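Here's the structure we're looking at; comments come further down.
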Amino acid sequence: MFRLNPKTGLTHEVSPEVESTQIPPLRDPQGRHLDYLRLSVTDRCNLRCRYCMPADGIKLAARENVLTLEEMQRLGAIFAQLGVRKIRITGGEPLLRKGVVSLIAGLQGLPSSPEILMTTNGLLLEANLHDLQAAGLRRINLSLDTLKPEKWRDITRRGGHDTVLKAMDLVLAKGMGLKINVVVLPGENVNEIPDFVALTKDRDVSIRFIEPMPFDGTGKPLAATVNGDDILGFIRPHYELKALTNPDGAVDKLYAVKGHRGNIGIIEGHSRTFCSSCRRLRLNASGEFRTCLYGRPQANLRLLMRGGATDTDLMAVIRDAVEKRLVDGFAAEKDSKLFGLKSMVDIGG
Ligand code: SAM
Ligand code: SF4
């Protein structure tokens, strides 16, 4: 049976047994319910952020080894049937992928109507914002590590800072949900942390301060790091914070800032304090499927699909990987050591 999305024209085959069965949701051995997929639509990027990849970029996948939009739609449908309720479109830079707007509309149009989100560096946002909103995108995470143009050029090795600043206010003007991702880099932008908190004064925005993780493609551990408590230590002398319960059960520790419209979050991605409640799955642009950011790929769904796997076969592989999910990111890192610490752009951020 083929299912057609009339908005996009994208189709995928749904096996009759899948169509008719009540499928139990994905649960790992710790009982964590995995209902959030991060789907990387490209390994290409128009920036070269130092903490994400080397100056020359990474070795890109050959074009024929990148998932087609139809394959992504099919996999999105399979994950949705397995109980995934949120799909984050990421990359690389997702807005470099031709057809990404149709893909968002297609995923949004699945019978279970999963929420579709996007993480972007914002350089191409202005040109795409109207279409993205029309396709059903309601919330965007924008990456912005510095408010200083010179520092931006230093961190991203490219220009365009003013474009991203503008994109931030355009997203808000459209009434869309906005989170700003700030990777906190020792010796680089820690002195700007209070300035980022100031952005929440009159804007309904969540600023998420992220511990840097060792995914810069060099394969080396981080030279210097900063943890969640350090980050709070930079904020508390300037602002009164009150811990909030995170409505999404998400990985960031959320805080209200007294007198401010927006809030802040701390993501302890390197300390890995949130593993016990992590609900995330990851699929990179080549179809590598991971159950942990720090783990090795558990399967290549592109190869399986192109080898003739049915939806039922793919579901079995996904479920098997989930059932082998390790207890936390430390265990996953230990297990994946032979594969090396990769670049975030390749894993799919
Ligand atoms: N290009 C898009 C962007 O930058 O928003 C999406 C992909 S990017 C890999 C997704 C997120 O991962 C960004 O917020 C980025 O700052 C974050 N990221 C990349 N490398 C990281 C690292 N080594 N440690 C922590 N966060 C990282
Ligand atoms: Fe590109 Fe995003 Fe990585 Fe920066 S963080 S290099 S924008 S993928």
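The values are calculated or read from the model by the stated rules, or taken from the named source; none is laboratory data. Since the structure is predicted, the reported quantities are computational estimates derived from the model, not experimental observations. Please note: Cβ atoms are built from the backbone with ideal geometry, for glycine as well, and neighbour counts cover all protein chains shown. These accessible areas exclude ligands, DNA and RNA; they are computed on the full protein's heavy atoms, side chains included. Shrake-Rupley method; radii C 1.70, N 1.55, O 1.52, S 1.80 Å.
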For this session: Kindly provide the pair-distance distribution of the chain built from C-alpha pairs, with 10 Å bins from 0 and whole-percent values in order of increasing distance.
Result: 5, 25, 35, 25, 8, 1, 0
Exercise. Considering the dipole of segment 117-274 built from charges on the beta carbon (Lys and Arg +1, Asp and Glu -1) around the Cα centre, which of THR245, ILE264, PHE274 is farthest to its positive end?
Worked result: THR245
Seminar exercise, completed: Once all protein chains are kept in place, ASP56 shows an accessible area at probe 1.4 Å, nearest 10 Å², of 150 Å²
Exercise. Protein chains only, probe 1.4 Å: how do LYS166, LYS334, LYS258 rank by accessible area, largest first?
Worked result: LYS334, LYS258, LYS166
For this session: Give the whole-number value, in cubic angstrom per residue, of the convex hull volume spanned by the C-alpha atoms of segment 29-117.
Result: 126 Å³
For this session: List, in the order given, every pair from LYS179/LYS337; LYS98/LYS148; LYS59/LYS179; LYS179/LYS258; LYS166/LYS201; LYS86/LYS324 whose Cα-Cα distance in the structure shown is over 28 Å.
Result: LYS179/LYS337; LYS98/LYS148; LYS59/LYS179
For this session: Choose one answer from GLY160, GLY287, GLY262: the residue with the largest mean-square fluctuation in a GNM of the chain with alpha-carbon springs under 10 Å.
Result: GLY160
Exercise. Using a 1.4 angstrom probe with every protein chain in place, what is the largest-first accessible-area order of GLU211, GLU188, GLU240?
Worked result: GLU240, GLU188, GLU211
For this session: Could you please put THR42, THR245, THR312 in sequence from largest to smallest accessible area, using a 1.4 Å probe?
Result: THR245, THR312, THR42
Exercise. With each run of n ≥ 4 DSSP H residues scored as -39500 (n - 2.57), what mean residue ellipticity at 222 nm is computed for the chain after dividing by its residue count and rounding to the nearest 500 deg cm²/dmol?
Worked result: -8000 deg cm²/dmol
Exercise. Can you give me the relative contact order of the chain as a percent, contacts being Cα pairs under 8 Å and 6 or more apart?
Worked result: 22 percent
Exercise. So, with +1 on the Cβ of K and R and -1 on the Cβ of D and E, and no other charges, what is the size of the charge dipole of segment 193-349 about its Cα centre, to the nearest 20 debye?
Worked result: 100 debye
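Mind putting a number on the dipole of segment 73-231 about its Cα centre? Charges go on the C-beta only, +1 for Lys and Arg and -1 for Asp and Glu, and I need it in Debye to the nearest 20.
That gives a dipole near 680 debye.
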Problem set entry | About the Cα centre, charge dipole magnitude for the chain (Lys/Arg +1, Asp/Glu -1 at Cβ), debye | 100 debye
Seminar exercise, completed: Lone Cys, the chain, Cβ cut-off 4.7 Å -> CYS45, CYS275, CYS278, CYS292
For this session: Restricting things to alpha carbons, find the Rg to Rh ratio for segment 190-300 using the Kirkwood radius for Rh.
Result: 1.02
